[in-house]
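A.B. asks: Below is the structure I would like to discuss, written out as structure tokens.
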Amino acid sequence: VLSEMNRFASRGRVDRVLKMWSVMQKILKREPLDTNQHPELRQIAQDIDAQTSRIVYFYVYLLKAFVNAHDVQAAEEAMQKYFVTSFSRLAQPKHLISDLNLQQIRVNEGILPVTPTNPSVYTLMMKLYAQKLNSAAAAKVYESLEKDLPEMAAMDCLANNTLLSAYVDSNQYNSAKLFFTLKYRSPVNPSSESNTVYPDMATYAIMMKLSAALNEDEQINKIFEILTTDKQFQDARSRNDPYKYNIMLSHISKTKTTDELLEFFQKYFKSSLNVHTLKNKVIPTIHFKCFSEKKDIAQVQKFFELMVHDREKLFNNDTDLFMDKTAFHVLIDAHLRSGKERQAREILENFFQTKKNNFDKNLMKPSVSHYNLFLIHYARSLMQSELEEILTMMEQDGTQPDANSAFSVVACAAKRNSEQGVEEFKRWFNSPMGLSKTPRPKRFPTTSRVYELLVITLIKEKKFDLLEDVVQTYDKDTCRRSGSTYRKVLFAYLNNSKLDDAIRVFRTYFISPASHAKAGFKADLQMCNTLLWNIYNQKDTKEHTEIIRALRFVRDKLQQKTPQEMKQERDERQRAVHEEQKKVDDGYLA
């Protein structure tokens, strides 16, 4: 039962963990277990002792399930209810989890929440916060670990790696460097003799990622040298792990020349590009993506052909190496970026099941992402007929379009004719604007992105009646609204001498003393000054007295300095006085 519980927890299946716990409760309470319903538990029901320590495993596995389900609120509640830690008092969720109904989970009488004896519980919480890019919360969990289990916090590499990764993933690079300096004992950390955490391969991989983000060539080369020469990392698994080579390859592709990229590939990866590298064990996958980022279509094509050759000669037709949809995605994208639409279409028709090859079962079925590459490219180039051909191909092979496909269709139509774009919007998206004459059976939820596209095209063609309809639909829709869209509408009215409409938009959507109840977005200084300038250019400003007063109020408030800015100015003045006094004192002493 515990083994099954752990397996479901690793997948984030909270419901299955709770079901296994109900089975465990029957065993622990010595209640009759329906072995006909669970025949695999028959022997367990006979042999297991009703030890309360089993409950501890349930606590840990339940927390693990919440973490892998990315449910922060439920994990914080489980941490507070089932574990005695200094962090438990910090995490106090406002609401209980109604869908999982945790209140029904009752602890057996006489069994209190447990005190963790190892860092695993803390590591799970740090992992969850790291996934949410919340390094501050992960740091609080680590502080709790240092308070509760100081000796283990100073030794456990996994817990320290989790916080280090949280810092790097949330772009807190200075915090990550400081944490590594204070905690890890490593040759790349000069003042680390008193540190007690010995880094493993995962630690160095995180630090390589950090150094690559900061473009620190010397540091990343030093770490890579340790990973390839240190005896600690020379076992077969560590030596052939492709992760460190992939980080270096990506770093070289961004900072070095194509020749240096090729040289590194030949040195460490197994390929027929150089016969002397056949002793290498690191198997390449889609590393020609690096050349795609450099827009080197010749090298992309060369590496793709190399993959085809190596699949047959070196890897015994390993389909995982070559028949990879991601590899074809990169190849098609590279050709489209280079303006080679015909070659990109040939790749799609020759390597995937299409009508041209009679849907050959020996080939892969294309995914919607492959078709979206073409749709996006044709939408940018305003190639309407080619875009419709791709939609027809998708219909023939049974690939369903997604929201990105719909956006590309609307974008292409709107850039050619804004009214046609609105019609396609009605056809592809589910909005309060209503249905088109030929609606699709499946329509997609709207987003602020598609509304902003329609607003921009309608403003460009100065179709203000239709623009007003789109804005009103945007108000009624349930999608998240963006202030930048209304800002574009306001400036469009001002640029076309529609001052009253601009003032109405300001009153309706932006916060000020003259705003309506619907207002919710902050105005900026440029907006206030432009509105005031347009109002003052009118012959009679008496009717706009209220809005002038409101605009002045908002403008003055925006021009006021924040307490932090005022404190910074005060500190700078004090520093200048101190430096001046120091110069006088130095002169006197001289």
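The values are calculated or read from the model by the stated rules, or taken from the named source; none is laboratory data. Keep in mind the model is a prediction, meaning the values are calculated, not measured. Ideal geometry is used to build each Cβ from the backbone, glycine not excepted, and the neighbour counts take in all protein chains shown. These accessible areas exclude ligands, DNA and RNA; they are computed on the full protein's heavy atoms, side chains included. Shrake-Rupley method; radii C 1.70, N 1.55, O 1.52, S 1.80 Å.
A.B. asks: Apply 1/(1 + (r/R0)^6) to the Cβ-Cβ distance of MET383 and GLU346, taking R0 = 22 Å, and write down the FRET efficiency to the nearest 0.05.
C.D. replies: Using R0 = 22 Å, I get an efficiency of 0.85.
A.B. asks: Please state the shape class of region 145-232: rounded when a/c is under 1.5, otherwise prolate if a/b exceeds b/c and oblate if not, all from the C-alpha gyration tensor.
C.D. replies: oblate
A.B. asks: At R0 = 41 Å, how high is the FRET efficiency between ASP571 and ARG549 if r is their beta carbon distance? Nearest 0.05 is fine.
C.D. replies: 0.70
A.B. asks: Local charge sum around ILE223 (other residues, Cβ-Cβ under 12 Å, Lys/Arg +1, Asp/Glu -1)?
C.D. replies: Once all neighbours under 12 Å are counted, the net charge is -2.
A.B. asks: Taking the Cα-to-Cβ direction at ASP469 and at SER120 and moving 7 Å from each Cα, how far apart do the two end points lie in nm?
C.D. replies: Between ASP469 and SER120, the label points sit 6.3 nm apart.
A.B. asks: Go through 408-417, 130-139 and give me the packing order, highest mean Cβ count within 10 Å leading.
C.D. replies: Answer by packing, highest mean first, reads 408-417, 130-139.
A.B. asks: First compute the accessible area of region 317-426 with a 1.4 Å probe, then give the percent of it belonging to carbon and sulfur atoms.
C.D. replies: Taking all protein chains in place, region 317-426 shows 43 percent carbon and sulfur surface.
A.B. asks: How much accessible surface does GLU546 have with a 1.4 Å probe, in Å² rounded to 10?
C.D. replies: Number for this one is 100 Å².
A.B. asks: Pairs to check: LYS476/LYS522; LYS415/LYS462; LYS209/LYS231; LYS209/LYS244. Give those whose C-alpha atoms are more than 18 Å from each other in this structure.
C.D. replies: Exceeds cut-off: LYS476/LYS522; LYS209/LYS231.
A.B. asks: If you don't mind, there's one more thing I want to ask. With the crude spin-label approximation of a point 7 Å out along Cα→Cβ, what separation in nm comes out for GLN420 versus ARG504?
C.D. replies: Here the answer is 3.0 nm between the modelled labels.
A.B. asks: Moving on to the next point. Can you give the FRET efficiency to the nearest 0.05 for ASN495 and LYS437, using r as the Cβ-Cβ distance and R₀ = 35 Å?
C.D. replies: Between ASN495 and LYS437 the formula returns 0.60.
A.B. asks: Using amide H atoms built 1.01 Å from N in the peptide plane, name the residues 5+ places from PHE444, or on other chains, whose amide H lies under 5 Å from its own.
C.D. replies: PHE429, ASN430
A.B. asks: Subtracting the Cα-Cα distance from 0.36 nm times the residue separation, let me have the gained length for PHE521 to SER194 in nm, one decimal.
C.D. replies: Here the answer is 112.4 nm.
A.B. asks: Roughly how far apart, in whole Å, are the Cα centres of region 1-23 and region 405-434?
C.D. replies: What the calculation gives is 46 Å, centre to centre.
A.B. asks: What nm distance separates the two modelled labels at ALA202 and ASP556, each placed 7 Å from Cα along Cα→Cβ?
C.D. replies: Once both label points are built, they end up 5.8 nm from each other.
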